[in-house]
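Enquirer: Below: one structure in structure tokens.
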Amino acid sequence: MSRSDAALRLDSQLCFALYSAALALNKVYRRHLAALGLTYPQYLVMLVLWERDGVAVSEIGERLHLDSATLTPLLKRLQGAGLVTRTRAAHDERQVLIDLTEPGRALKARARAVPRAVAGATGCTQPELAAIKSRLESLRESLLAAE
């Protein structure tokens, strides 16, 4: 096999290594989040809101690198589950604010076990996970800068 052909092998692709690792990670999350009644994208939104309540949809989108067309149905499902409310901002009716409900706040206590369980599933030490996370963040920034 020529060097140029080897470069086109699936197992040679960075994108596939990241993609398949993300699929495996999401599978682990899915198992732990089922007990909370959350999907992985819903969990990400809840993480943002547990950090700071009363956030605009646009800010959630920026934090998660998602557009409002992707976020809106997700937020509607969270609202339907009684975990958040969506209200128009008084100062700018174009802006929609997302607030946690009491059940949404209470879910945070149950979610505390998720990161530990997922970290355990990786087989990595905390310093190894911190290094991987840091490297992935650097990779993301480099790729965004290259656009």
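Enquirer: Output the residues belonging to segment 42-54 that are modelled with pLDDT of 95 or more and of a type outside the set (D, E, K, R).
Expert: If the condition is that a residue be modelled with pLDDT of 95 or more and of a type outside the set (D, E, K, R), then Gln42, Tyr43, Leu44, Val45, Met46, Leu47, Val48, Leu49, Trp50 are the ones that fit.
Enquirer: Out of the residues in segment 120-143 that are among the hydrophobic types (A, V, I, L, M, F, W, C) and farther than 19 Å from Ser20 by Cβ, state the one that is nearest to the chain's Cα centre (by Cα).
Expert: Of all residues in segment 120-143, those among the hydrophobic types (A, V, I, L, M, F, W, C) come to 121, 124, 129-132, 136, 139, 143.
Subset that is farther than 19 Å from Ser20 by Cβ: 130-131.
Details: Ala130: 17, Ala131: 19 Å.
Looking at residues that are among the hydrophobic types (A, V, I, L, M, F, W, C) and farther than 19 Å from Ser20 by Cβ, I get Ala130.
Enquirer: Take the residues of segment 1-29 that are of a type in the set (Ser, Thr, Tyr) and more than 30 Å from Arg116 (Cα to Cα): which is nearest to the chain's Cα centre (by Cα)? Quick ask: steps written out before the conclusion?
Expert: Restricting attention to segment 1-29, the residues satisfying the condition of being of a type in the set (Ser, Thr, Tyr) are 2, 4, 12, 19-20, 29.
Right, trim to more than 30 Å from Arg116 (Cα to Cα) and you get 2, 4, 12.
Details: Ser2: 39, Ser4: 36, Ser12: 26 Å.
Step by step, filter segment 1-29, then rank; the result is Ser12.
Enquirer: Conditions first: (1) within 30 Å of Thr122 (Cβ to Cβ); (2) of a type outside the set (Phe, Trp, Tyr); (3) in a strand (DSSP E or B). Leu75 passes all but one, so which condition is the exception?
Expert: Exception for Leu75: condition (3).
Enquirer: Can you find, within segment 6-53, the residue that is nearest to Ala81 (Cα to Cα) among those that are assigned to a loop (DSSP other than H, G, I, E, B) and charged (D, E, K, R)?
Expert: Within segment 6-53, the first condition is being assigned to a loop (DSSP other than H, G, I, E, B), and the residues that meet it are 7-9, 13, 37-39, 52-53.
Applying the additional criterion that residues be charged (D, E, K, R) yields 9, 52-53.
Values: Arg9: 44, Arg52: 20, Asp53: 17 Å.
Here the answer is Asp53.
Enquirer: Report the residue count in segment 59-72 for those that are within 19 Å of Ala111 (Cβ to Cβ) and either in a loop (DSSP other than H, G, I, E, B) or β-branched (Val, Ile, Thr) (or both). If you could, list the steps in order and put the result at the bottom.
Expert: First, pick out the residues of segment 59-72 that are within 19 Å of Ala111 (Cβ to Cβ): 60, 63-64.
Among the residues that remain, those that are also either in a loop (DSSP other than H, G, I, E, B) or β-branched (Val, Ile, Thr) (or both) are: 60.
Here the count works out to 1.
Enquirer: What are the residue pairs meeting all of these: first residue in segment 60-75, first residue under 19 Å from Leu38 (Cβ atoms), second residue small (Gly, Ala, Ser) and surrounded by 15 or more Cβ atoms within 10 Å (Cβ to Cβ), Cβ atoms under 7 Å, and 6 or more apart or on different chains?
Expert: Matching pairs, first to second residue: Leu71/Gly61.
Here's the yes/no breakdown for (1) under 21 Å from Ala111 (Cα atoms); (2) at pLDDT 95 or above; (3) loosely packed, with under 12 Cβ neighbours inside 10 Å:
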{"position": "Arg3", "(1), (2), (3)": "no, no, yes"}
{"position": "Leu18", "(1), (2), (3)": "no, yes, no"}
{"position": "Ala22", "(1), (2), (3)": "yes, yes, yes"}
{"position": "Ala34", "(1), (2), (3)": "yes, yes, yes"}
{"position": "Thr39", "(1), (2), (3)": "yes, yes, no"}
{"position": "Ala90", "(1), (2), (3)": "no, no, yes"}
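Enquirer: When the residues of segment 117-147 are narrowed to those that are farther than 23 Å from Leu33 by Cβ and surrounded by fewer than 10 Cβ atoms within 10 Å (Cβ to Cβ), which ends up modelled with the lowest pLDDT?
Expert: Among those that are farther than 23 Å from Leu33 by Cβ and surrounded by fewer than 10 Cβ atoms within 10 Å (Cβ to Cβ), it is Glu147.
Enquirer: Among the residues of segment 99-116, are any in a strand (DSSP E or B) and at pLDDT 95 or above?
Expert: Pass one, segment 99-116, residues in a strand (DSSP E or B): 99-100.
From the residues that got through so far, the ones that are at pLDDT 95 or above too are 99-100.
Checked against the condition, which is being in a strand (DSSP E or B) and at pLDDT 95 or above, segment 99-116 yields at least one hit.
The values are calculated or read from the model by the stated rules, or taken from the named source; none is laboratory data. All of these numbers come straight from a predicted model, not from anything done at the bench. Reconstructed Cβ throughout: ideal geometry from the backbone, glycine too, with neighbour counts over all protein chains shown.
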